[in-house]
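The values are calculated or read from the model by the stated rules, or taken from the named source; none is laboratory data. All values reported here derive from a predicted model rather than from experimental measurement. Counting neighbours? That spans all protein chains shown, and the Cβs are built from the backbone with ideal geometry, glycine included.
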C-alpha cells in the first residue's frame, strides 16, 4: 500500500475518531455526566482554534522568510489573554448576561439592537473569513500532494480540487451534525468543543514531536541547532519595528474580533472562572506551539533543496528522512488545525447569517403574521444548516477561483485586518457609554472601505480586480489616493499600512460621529448595561408592555422555544406575579426576560424586532430613562429599592384587581343563575305545555301531527331530566359527597368510548390522536374521566367553527402528571372569557345554542376529585383544554413495550 | 479570635485583592514592554536571532508564571467574600465614574 | 285574508306550537329565529302584531323592541313579549321598552290567542 493510500486511510480513521469523541461527549453531557467536559483545560484547548493550518504549516514558512517575525502572531493573543482582567472578563460577562450568540449579536445588541449593524458585521465577517476557509482547504490539499509526491506507487497528478471538495463536504456534515443540534446558540456544543480540544492536543503534540525530531534527530542536539540557525539566512534580528509592533497589535485585535474566537471564548464559555485558567494556560499553549518553529525553519532551509516550499517543512522533513510515522502525525496536526478552524468558523458565521440576515428577511417577507403563524423554530434551524453549506461552498469556490496560489498564503494577515475593524465598535461599546449606533456604523463602514481599497482588492494582484492605473496612480489619478500609499504614506509594508489607516480612520469616524449624534433611548440603556455590567447584572429593560397581548406573545414564544419550554416560562412568570394560569401581565420585567430567552435562539435584534411587532414599538419608560441618567451606584441602588417596593405594590394591586374582577363576575353570575335556571326549565316546559294542550283539545289534528307532537313532548321531558341530573351531579360534586369508583383502565379504549358518546365517530370532525396514548394505563374512576372526555369532545364538536373541524388529542407526562390535551382548530375562547369558562352557567357566547353551561363546571369538579385538574390552554391553534391527573407509575414504560 | 482581629484580617485580604487586581491590569503592560525591548537592540549590525529568541521565550515564560500566580490568588468577583465584594464594589464606583 | 303575526323566537318547538295555534285561528304567521336582523324582518313583513321573545341569540328582545318603537311607523305596532326568566324586573323593563303585553313562559295556548286577538281588533 502506498503512502498516499495510507494517509487517506489514516485521515478517515481520524475523522471517525473525532465523530466518536463528539458523539460520546454529547451523550455524556445529555445525561448530565462528564463534569470533565466543563473543565477549564477543555476551554483553554478550544481556544487553540486560533492556531489554524496557516500557523501550523505557515509559521515555519513565515520564519524561513522573515525570521522571528512570526512570533508577533502569538505575542498579540498572549498579551490579550494575560490582560484578561481588562477586556475579556467584561466581554464574557456581557456575553453571558445578555445571552449573546455571536460578535455581530454583541455589537448590534450594544448599539440599540440594531439589525443594520448586525447585518453589516455579518457581511464583513463572511467576506473576511471566506478566504481564510479557502486557505485551510488549500493546506489540507497540499499536504496530501506532499505525500503523493513521495509515493512511488502513485503516478499522475492528484486532483487538488477533488481533495478540497471532499474535505469541504466532510466538514459540512460534521458541522451540521454537531453544531446545529440545538436551536439555542447559547447552549454549549459539548461534543464539538470536545472534538476541538482533542484536535488541539494532536496539533501541539505533532509540532512538538517534529521539533524534537529536528533538533535531536536531524541537527544532532541543541548546540548544533543553534549554530545552524546562526549560519542560516535568518541569523540576524532584522525585523522592522513597525512590523513587529504592528503585527502584534493586529493579531491581538484579531484574536478578540475573529468570529470563531468569539464563538469559543464567549459563546461556548461554560464558566467565567475558566478564563482565569486560560489566562496563563493559553499563552503557554501558543508558546509551546512556537518553540520549535525557528529550529525547524533553519534546519529545513539547510537540508532541503533550493526552492523547496518552506511552508511544508513540518511535513517534508520527516517524510524525506524516512520518518513516515512522524510525517503522518504531522499531517494529522495540520489536518486538525484546518478542520477545527473551519468547523468553528462555519458555526459562528452560520449563526450570524441565519440570525441577522435570513430570519429578518423571512420575518419581513411573511409580515407580522409570521410571528404568530409560522414555524420559526424549523426555519431557524434550516437557515443555520443552509448557511453552513453556503459558507463552506463559498470557501471552496474561493479556493477554486483563486487557484490556491501564493496569493492565498498572504490572506491570513489580510483577513486579520478585515476583522480587526470590529475592534473600535467592540471595545468602544464595552467601555465608552457615549458610543452610539451611528458612530459604530460609520466607523465600521469607513474602516471596511479602506481595508477593501488598500488591502483586500490589491491582494488579488495587479489588474486582477483593481486596474493597474489605480494601483500606481491612485483613484481618478489622485496620487494621495494610491491604495498602498494613502495620504502620501510611502514605503510602508502594505499590511501595516492598511491596518494603520483603516483602524485609525475607523476609530476617528466612530468617535466623532458618536460625539455629534444623539443615541436612541434603547442604545443608552444597553450602553449602561454593557459598560457597567459588573455593577448590576440586572436584566436589560426597555419594554413597557401595557399594550402587549400576553397571548400573542405566548403563541410566538411557543413557535420559537417549543411549546413545553414556553408554557413553563409563562406559567413561572405568572406564578411570580401572583397570577394564576399561563398568562402573566406583560410587565417590562417579564418582556425583558422573554426577550433574552428568545435572543438565545434567534439573536438579540431579531428577538427585539419580534416582540416589538407584538407589543407595538420599542418604548422606554420614564424610570428606565432615569436609570440611564443616574450615574452613581448609590442612586442606582436607591432607585432599585424603590423599584422593588413599587413592584410589590403593583403585584398586590394586581392580585386585588384580579380578585375583585372575579368576585364581580361571580356575583353577576349568581344573579344570572336564577334567570338561567328559570330559562332552562321554562323553555322545555313551554313546549310541553303548548303541545299537550294542542293534543288535549284534539280538534283538527292529523295522525302524523299527533305523533310528532307527542315525540316533541317526550324529547323536551328528557331535556328537563338531563338538566336536573346535571344540577344534582354538580351539587353532589361540590359538596364532596361523591364516592369514587377507582379501577384499572387504559387510555385508548376510554377515548374511543368518549368519541362514540360525543358523536365524533360520525366523521364530521376529524380526530387525530397520539398512537402512544392508547397503551397508557390508568388507575382512576374511569367512568368519571370518560364523562370529562365526552364533555370536552362534544364541546369541540358543537363549538369548533372551522370549515374542516379537527380535534387533536395529545398526551404527555410531566412532573408525575398525565396530561391529555384536547385542541381543536376553531377560534377558541376569547381571552376575556377564559377565566370564567369553568364557572356554572357560563356560556362562551349567547348566540351559540347548547347545553345549560354546566358541563365544564362539572368537569372541573370531577378532575379535582380525581386529584388532577382541567384548564384552558391559551395560545394554541384553537380552543384547547388540558386535563391532567396523577400518572400511574411506569405507565409510560409499559406504553413503550 | 476576637472580632477586631477578624476585622483586621478581612480588611487586609481586601487590600491584597485590590492590589492583585492592579497587578492583573499591569501585567499586559509589562509584557508589551518586554516584547518591544529587542527593537532597541537593532543598532549596528543587529542582534543574533538566537539571542532574541532566548530572550523572548524567557520573558514569555516569566509573564506566564506571573499570570499564573496572579490569576490563582485573585478571587473572582462572584466568590462570596464579603470584604472582597465590598472592595470590588468600591472599585467599580470609580470605574463607572470614568465611564 | 287574515291578519299577519310576526313571531320572533329562537326555540324551534315553541315556534311550531305558536304557529299551529295561531294559524288554526286564521292568522298568517311569519317567523324570525334570531335577534339579529329582527328589525329588517319587521320592516319587510309589516305585521299587524309582533310576538317577541326576550332571550334571543344575538340581541335581546328589549333592545329589539326599543328599535321598533324608535321608528315612527311602528310606534303603535302591537307587541306581545314572551319571557322565560320570570323575574319581576323583566316586566318593568318590558313596560319601559314599550311592550303592549307581557307573558311568562310557559303559557296556555288560549292565553296567547286571547292576547293576540285583544291586541289586533278585527
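For this structure, a couple of remarks:
- Flag if residue C:64 is within 12 Å of chain A (Cβ to nearest Cβ) and at pLDDT 85 or above: no
- Pick from the stretch A:96-133, criterion at pLDDT 85 or above and closer than 30 Å to residue B:68 by Cα, ranking: farthest from the other protein chains (Cβ to nearest Cβ): A:102
- The lone criterion from (1) in a helix (DSSP H, G or I); (2) within 12 Å of chain B (Cβ to nearest Cβ); (3) surrounded by 22 or more Cβ atoms within 10 Å (Cβ to Cβ) left unmet by residue A:84 is number (1).
- Residue tally, condition loosely packed, with under 11 Cβ neighbours inside 10 Å and without any contact (Cβ under 8 Å) to a residue 12 or more places away in the chain, over the stretch A:722-745: 4
- The stretch C:108-122, residues that are within 10 Å of chain A (Cβ to nearest Cβ) and buried (at least 20 other Cβ atoms within 10 Å of the Cβ): C:109, C:112
- The stretch A:696-717 - residue that is facing another protein chain (nearest Cβ under 10 Å) and in a loop (DSSP other than H, G, I, E, B) and, of those, surrounded by the fewest Cβ atoms within 10 Å (Cβ to Cβ): A:699
- Residues that are without any contact (Cβ under 8 Å) to a residue 24 or more places away in the chain and not in a helix (DSSP H, G or I) within the stretch C:32-70 comprise C:36, C:37, listed in sequence order.
- Residue C:53 vs. criteria surrounded by fewer than 21 Cβ atoms within 10 Å (Cβ to Cβ), under 26 Å from residue A:719 (Cα atoms), within 12 Å of chain A (Cβ to nearest Cβ) and modelled with pLDDT of 85 or more: no
- In this structure, residue A:268 does satisfy being at pLDDT below 85, over 30 Å from residue A:494 (Cα atoms) and surrounded by 23 or more Cβ atoms within 10 Å (Cβ to Cβ).
- Evaluated against (1) in contact with a helix residue (DSSP H, G or I) (Cβ under 6 Å, 6 or more places away or on another chain); (2) crowded, with 23+ Cβ neighbours inside 10 Å, residue A:119 falls short on exactly one condition, (2).
Listed here are the residues, each with its yes/no results for (1) free of Cβ contacts under 8 Å to residues at least 24 places away in the same chain; (2) more than 9 Å from chain B (Cβ to nearest Cβ); (3) touching a helix residue (DSSP H, G or I) at 6+ places or on another chain (Cβ under 8 Å); (4) outside any helix (DSSP H, G or I).
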residue	(1), (2), (3), (4)
A:218	no, yes, yes, no
A:234	no, no, yes, yes
A:248	no, no, yes, no
A:255	no, yes, yes, no
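- The stretch A:68-80 - residue that is more than 8 Å from every other protein chain (Cβ to nearest Cβ) and over 17 Å from residue A:294 (Cβ atoms) and, of those, surrounded by the fewest Cβ atoms within 10 Å (Cβ to Cβ): A:77
- Filtered residues of the stretch C:79-105 (kept if touching a helix residue (DSSP H, G or I) at 6+ places or on another chain (Cβ under 6 Å), within 14 Å of another protein chain (Cβ to nearest Cβ) and farther than 14 Å from residue C:64 by Cβ): C:84, C:85, C:86, C:105
- The lone exception for residue C:21 - which of (1) in contact (Cβ under 8 Å) with a residue 24 or more places away in the chain; (2) within 12 Å of another protein chain (Cβ to nearest Cβ); (3) touching a strand residue (DSSP E or B) at 6+ places or on another chain (Cβ under 7 Å) it fails: (3)
- Scan of the stretch A:220-232 for residues that are in a helix (DSSP H, G or I) and within 12 Å of chain B (Cβ to nearest Cβ), ordered by number: A:222, A:223, A:225, A:226, A:227, A:228, A:229, A:230, A:231
- Exactly one residue out of A:301, A:247, A:275 is modelled with pLDDT under 90 and surrounded by 24 or more Cβ atoms within 10 Å (Cβ to Cβ): that is A:275.
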